[in-house]
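Shown next, in structure tokens, is the structure this report addresses.
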Amino acid sequence: MRDVLANSSLSFEEIDYIVATGYGRINVPFADQQVTEIKCHMRGVHSLFPNVRTIIDIGGQDSKGIKVKDGRLVDFIMNDKCAAGTGRFFEVIADVLGVKLEEIGQRSLLSEHPANISNLCTVFAEQEALMRLSEGTSVEDILAGIHKANACRIYTMVARIKIEKDVAITGGGAMNIGLVKALERKIGFPVVVAPEPLITGALGAALIAGETAAALGPRKLEGMKEKRRLEAVTFFDQESKPEHGKWH
Amino acid sequence: MSDDNKRGLAKAQEIYNNRGRYARGLKEHGKKIFGYFCCYPPIELLTALDIVPVRILGDMEEPVTLADNCLPPVMCIFCRSAFDLGMKGQYDYFDGFVGSHACDAAERTSIIWANYIKSPCNFHLDIPHTAHQAAVDFFREQIEYFQAGLEEFVGENIKPDALKNAIAAHNHQRALVRELYELRKPDPPLLSGTEMLKVLIAIMGMAVEDGNLLLNEVIQEVKERDNVQEKKSRLMIWGSLIDNAAFTELIESSGLNIVIEDTAIGTRPFWHDIRDTENPLQGVAEHYLQEVLCPRTFRDSGRNYNQDSEMRFGYLKEFAKYWKVNGVFANIIRNCDVHGYEVPVIKDYLEGLGLPVLVIEQDYSTASLQSLRTRFQAFAETIES
């Protein structure tokens, strides 16, 4: 928070209302409200693309389907038990194939014969990618197969809440052109991607904070601000942290 | 035995936390203890012979290890967990075990319980999966065998009035639990879902008369205290049972108040009384087969899809109406086929009533609970919007 304030012309006291979102939302001691990333992505995308009815959020740890109607959150679905269909899967595969994460999407588009990747478990898919490599399959074909298989998995999950036009993709997955194209093929029509798909959730949180602050009014906000303290966000047990800032 | 100074909710909490110690205390005072699996064994017969029925539960905090040598991992993890606790000696105070063919997993568990855990006395009740007259007659006959077996084990017959008195005591317990449910109708409810769960689990490990005393204390305490609950969206739970307060606490700290549970540790064992019939076992058989509404029993269906849904789930509409429910959580313990197969139709039915439904297939482990928080919180946000 101090870093954010240092890079802006704002002081902590000037902030009227703070919404925390994402996995760490419950560990933000100075937040006035916690809102899930599901609702925040919905609000952020709705402000950018009012016609979007379905959002597919592909993050580093999970992927989600979110349904919007008239700017309201009406349904959602998420997977978080398995790395398949998430950014982590692509990180592992990029590492195995020795390709930079930012390049895997573009290179997958160069494939003419996508490899058949049958297994969607991250660990087994890693083995399968290595096996294809040893068989002489090109990196591009393997990447295309990986993207196709993941798009299929994400599509099947989101289809359970019915995919309706327009569809937006958010999260780190939206920055992978190969995944976006594979999903478009599966869905059957083009999707929209926000200019900054990593922060549509933060945008939504800010919009919710703005609305809430307006509804509360200056007097209530002043009372809340007086109690608020800028404390460090703690995600780990501080006592077990080693002195030199390195984890053993 | 529990600390006699504690009363009401504090006493329920203590027994919930120390079920084994409480049961062993009863045993030291000369009581016989029988464990029973699921909510189908007719515990009235145990009470009639002065045996304390203790409901067998699993433990979401204990990893399943020993049971996996005997039961396949594709089976319901609640059953595997309960059996695992048995293998680890946590139910070694049982004088007897009563299992049943409630569902396939319960049947397998019951049968191998006798082989591996070797409680001094074992029963397996064959419960039909339909509820028509021939099935009731068959089940009554099974209960007669059960009675004869119990009498032989104890060495005395059930006295003529003892069964009627036991049925009356358990019916009184059912009425008291329903009275407690009434206290969850106000908004916010006077009693949280977590408190309710602890009370129900406590009374499922006590002699019925002691359980009734506890229920009376809880009802009085809840009526007299200031309402401690916050106003939140009102949730009904349907599906597999929840037997750990960590789960209800997670739900209730995610913007939801649990107001009613159509589960096996909820309304199901308590919602209907056993009717007074000339042969008491007839009333017992009818009650368990026709009125304990677990989808393990197939009931008469209607002529078309809508009529069928209405006949099977109409009671949920009543629950939703009178408990002013805003949303439903369909809780599926992984591999609970009985409830899992119902999800598409029950979701369709409840959404048709305008009730949003959150379906979660969970791993029956407190270690994996926190990852569900976002789902419950987002579900609360869906209801609010």
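The values are calculated or read from the model by the stated rules, or taken from the named source; none is laboratory data. From a predicted model like this one, the values you see are computed outputs, not experimental measurements. When we count neighbours, we look across all protein chains shown, and the Cβ atoms used for this are built from the backbone with ideal geometry, even at glycine. These accessible areas exclude ligands, DNA and RNA; they are computed on the full protein's heavy atoms, side chains included. Shrake-Rupley method; radii C 1.70, N 1.55, O 1.52, S 1.80 Å.
Which one of these is in a loop (DSSP other than H, G, I, E, B) and surrounded by 24 or more Cβ atoms within 10 Å (Cβ to Cβ): B:260, B:251, B:242? One residue alone meets the criteria, B:242. Filtered by the rule that a residue be among the charged types (D, E, K, R) and more than 9 Å from chain A (Cβ to nearest Cβ), the range B:355-383 gives a lone residue, B:361. Any residue in the range A:56-74 that is open to solvent by 50 Å² or more (accessible area, probe 1.4 Å), in contact (Cβ under 8 Å) with a residue 40 or more places away in the chain, more than 11 Å from every other protein chain (Cβ to nearest Cβ) and out of contact with any strand residue (DSSP E or B) (no Cβ under 9 Å at 6 or more places or on another chain)? Scanning the range A:56-74 turns up no residue that is open to solvent by 50 Å² or more (accessible area, probe 1.4 Å), in contact (Cβ under 8 Å) with a residue 40 or more places away in the chain, more than 11 Å from every other protein chain (Cβ to nearest Cβ) and out of contact with any strand residue (DSSP E or B) (no Cβ under 9 Å at 6 or more places or on another chain). Annotation: of all residues in the range A:198-248 being in a loop (DSSP other than H, G, I, E, B) and among the hydrophobic types (A, V, I, L, M, F, W, C), the one that is modelled with the highest pLDDT is A:230.
The residues on offer are B:57, B:46, and the sole one that is in contact with a Lys or Arg (Cβ under 9 Å, 6 or more places away or on another chain), part of a loop (DSSP other than H, G, I, E, B) and in contact (Cβ under 8 Å) with a residue 40 or more places away in the chain is B:57.
State the number of residues belonging to the range A:126-158 that are in contact (Cβ under 8 Å) with a residue 24 or more places away in the chain, of a type in the set (Gly, Ala, Ser) and open to solvent by 10 Å² or more (accessible area, probe 1.4 Å).
Residues of the range A:126-158 in contact (Cβ under 8 Å) with a residue 24 or more places away in the chain: A:126, A:129-130, A:133, A:138-155, A:157-158.
Adding the requirement that they be of a type in the set (Gly, Ala, Ser) leaves A:129, A:138, A:144-145, A:149, A:151.
Applying the additional criterion that residues be open to solvent by 10 Å² or more (accessible area, probe 1.4 Å) yields A:138, A:144, A:149.
Result for the range A:126-158: 3.
Can you pull out the residues in the range B:152-167 that are open to solvent by 30 Å² or more (accessible area, probe 1.4 Å), closer than 22 Å to residue B:33 by Cβ and not β-branched (Val, Ile, Thr)? Walk me through how you get there before you give the answer.
Residues of the range B:152-167 open to solvent by 30 Å² or more (accessible area, probe 1.4 Å): B:152-157, B:159-161, B:164-165.
If we keep only those that are closer than 22 Å to residue B:33 by Cβ too, we end up with B:152-157, B:159, B:165.
Matches in the range B:152-167: B:152, B:153, B:155, B:156, B:157, B:159, B:165.
How many of the residues making up the range A:1-28 are open to solvent by 40 Å² or more (accessible area, probe 1.4 Å), in contact with a helix residue (DSSP H, G or I) (Cβ under 6 Å, 6 or more places away or on another chain) and within 14 Å of chain B (Cβ to nearest Cβ)?
Of the residues in the range A:1-28, the ones open to solvent by 40 Å² or more (accessible area, probe 1.4 Å) are A:1-4, A:6-11, A:13-14, A:16, A:21, A:23, A:26-27.
If we keep only those that are in contact with a helix residue (DSSP H, G or I) (Cβ under 6 Å, 6 or more places away or on another chain) too, we end up with A:16, A:21.
Add one more test, that the residue is within 14 Å of chain B (Cβ to nearest Cβ), and what stays is A:21.
Number satisfying all stated conditions: 1.
Scanning the range A:1-28 for residues that are in a helix (DSSP H, G or I), over 18 Å from the mean Cα position of the chain (by Cα) and not β-branched (Val, Ile, Thr) turns up A:2, A:3, A:5, A:6, A:12, A:13, A:14, A:27. Taken over the range B:15-43, the residue count meeting the criterion of being in a helix (DSSP H, G or I) and either over 20 Å from the mean Cα position of the chain (by Cα) or in contact (Cβ under 8 Å) with a residue 40 or more places away in the chain (or both) is 12.
Put simply, of A:31, A:94 the only residue that is under 13 Å from residue A:179 (Cβ atoms), more than 13 Å from chain B (Cβ to nearest Cβ) and over 14 Å from the mean Cα position of the chain (by Cα) is A:94. Yes or no: residue B:281 in contact with a helix residue (DSSP H, G or I) (Cβ under 8 Å, 6 or more places away or on another chain), within 14 Å of chain A (Cβ to nearest Cβ) and at pLDDT 95 or above? Judged against the criteria, residue B:281 is not a match.
Only a single criterion out of (1) crowded, with 21+ Cβ neighbours inside 10 Å; (2) on the phi > 0 side of the Ramachandran plot is not satisfied by residue B:34, namely (2).
Residue B:319 falls short on exactly one of the conditions (1) in contact with a Ser or Thr (Cβ under 9 Å, 6 or more places away or on another chain); (2) of a type in the set (A, V, I, L, M, F, W, C); (3) farther than 20 Å from residue B:251 by Cβ, and that condition is (3).
How about the range B:160-209: which of its residues are outside any loop (DSSP other than H, G, I, E, B), over 27 Å from residue B:94 (Cβ atoms) and either in contact with a Leu (Cβ under 6 Å, 6 or more places away or on another chain) or in contact (Cβ under 8 Å) with a residue 40 or more places away in the chain (or both)?
Let us first name the residues in the range B:160-209 that are outside any loop (DSSP other than H, G, I, E, B), namely B:160-182, B:193-203, B:208-209.
Now narrow it down to the ones that are over 27 Å from residue B:94 (Cβ atoms): B:160-161, B:175, B:178-182, B:193-195.
Within the range B:160-209, B:175, B:178, B:179, B:180, B:181, B:193, B:194, B:195 meet the criteria.
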